[in-house]
Amino acid sequence: MSNTSFNFRALACLAVLCGLAIGNANASLADSLPTPYPQSTLEKTVNIASSGHLVLFSPVREINNEIRSDTMARLPVRGEGRLYQIARDASRERARDHYLRQLADRGARILFECTGVQCGRSNVWANQIFGEAVLYGRDDAQNYLVAGTVEEDGTRWLTLIYTVTRGNLREYVWVEHLEVTSDAPVPGLGTMNRRIIGPFIVPWRGGVTYNFDWTATERRQVTNLASEQGSRVVLVGYSELRSEEPLASAMDRASGAVQSMSEILSKTGVPRDQQEWVIVGPALVFESPDRRGNRIEVMVIRR
């Protein structure tokens, strides 16, 4: 009799503890969720808990009914997906800007973004990636971004924002907010803590003049972070070693790219005396596919 009583009490205590744990986890998620765009209506909420949730970090393609993307990952996550319909007197561009402002305020880093047909087919995003048929819209009227945030306690979050205009001109936003387990590698997230933010990976092309594949959002992020008193901006230049090319030539190309990037930053509010240059050329190789080839890795060191 006493053993039975003890077991019931133990089970009751366990249930309370589990309830507290779940409650704390839900509270953490609720506290970190982006605030909805005011001129939108929540239509659906989906709980997400997966050991292999698909997240894309490059445009999507469909080949033989299979999803292809140069950089994608199946990550262990928990979180939510939310579907919003945007009011007729508003726009998905303003909704996207609303979420971007929140991400910037939280120190999030944009890991990938695309616009229009560059993203791939809307049908694939809607039906095969997000599983929400209502998101199927015009290929030239869609946006996607994925941003990463690391909290002071090391908790890592990914926020996915997809906006689209349907054929009937109704506009929708899909928001996924996901906590990623601490040991899962996230493409492009790199090191993010209170002092070091980056790297922002910027591919480059050229040799005499240089072109940079750098989004306006990332440029704004670097400029805003650099405006903090005492911050430093580090430019690390990498280059591919061409067939039969001398090492010195590859190093010179990396140095030229860094100098060109430095001039761009100087014009946008990051003076040369706030920058540090590191020329690596082809001398350091990473396994990560997004950290290969001709590129500059930009990091901001806070005071």
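The values are calculated or read from the model by the stated rules, or taken from the named source; none is laboratory data. Computed from a prediction, not measured in an experiment: that's the story for all the values here. Don't worry about glycine lacking a Cβ; one is built from the backbone with ideal geometry, like all the others, and counts go over all protein chains shown. Just so you know, the surface numbers come from the protein's heavy atoms only, side chains and all, with ligands and any DNA or RNA stripped out. Shrake-Rupley method; radii C 1.70, N 1.55, O 1.52, S 1.80 Å.
Does the range 85-131 hold any residues that are of a type in the set (Ser, Thr, Tyr) and outside any loop (DSSP other than H, G, I, E, B), and which are they?
Kept after step one, since they are of a type in the set (Ser, Thr, Tyr), are these residues of the range 85-131: 91, 99, 115, 122.
Of everything in the range 85-131, those that are of a type in the set (Ser, Thr, Tyr) and outside any loop (DSSP other than H, G, I, E, B) turn out to be Tyr99, Thr115, Ser122.
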Query - Residue ID - nearest to Ser58 (Cα to Cα), chosen from residues in the range 93-141 that are polar (S, T, N, Q) and open to solvent by 20 Å² or more (accessible area, probe 1.4 Å) - result: Gln118
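Just checking, which of Ala90, Ala25, Ala12, Ala21 is open to solvent by less than 90 Å² (accessible area, probe 1.4 Å), touching an Asp or Glu at 6+ places or on another chain (Cβ under 9 Å) and modelled with pLDDT under 80? Give the derivation first.
On the way: Ala90 fails: modelled with pLDDT under 80; Ala12 fails: touching an Asp or Glu at 6+ places or on another chain (Cβ under 9 Å); Ala21 fails: touching an Asp or Glu at 6+ places or on another chain (Cβ under 9 Å).
Among Ala90, Ala25, Ala12, Ala21, only Ala25 is open to solvent by less than 90 Å² (accessible area, probe 1.4 Å), touching an Asp or Glu at 6+ places or on another chain (Cβ under 9 Å) and modelled with pLDDT under 80.
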Report task. Pull up the range 202-232, narrow it to residues that are farther than 13 Å from Asn294 by Cβ and over 20 Å from the mean Cα position of the chain (by Cα), then point me to the one that is modelled with the lowest pLDDT. Result -> Val208
Query - Count - residues of the range 46-66 that are surrounded by fewer than 16 Cβ atoms within 10 Å (Cβ to Cβ) and at pLDDT below 90 - result: 6
Query raised in the report: Within the range 165-180, can one find any residue that is of a type outside the set (Asp, Glu), in contact (Cβ under 8 Å) with a residue 60 or more places away in the chain, farther than 22 Å from Pro36 by Cβ and crowded, with 19+ Cβ neighbours inside 10 Å?
Result: yes
**Report entry** Scope the range 227-259; condition surrounded by 19 or more Cβ atoms within 10 Å (Cβ to Cβ) and of a type outside the set (D, E, K, R); matching residues
**Finding:** Val233, Leu235, Val236, Gly237, Tyr238, Ser239, Ala250, Ala254, Gly256, Ala257, Val258
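Every residue, every condition in (1) outside any helix (DSSP H, G or I); (2) over 28 Å from Arg303 (Cα atoms), yes or no:
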residue: Asn224; (1), (2): no, no
residue: Val236; (1), (2): yes, no
residue: Leu241; (1), (2): yes, yes
residue: Ser255; (1), (2): no, no
residue: Ile264; (1), (2): no, no
residue: Trp277; (1), (2): yes, no
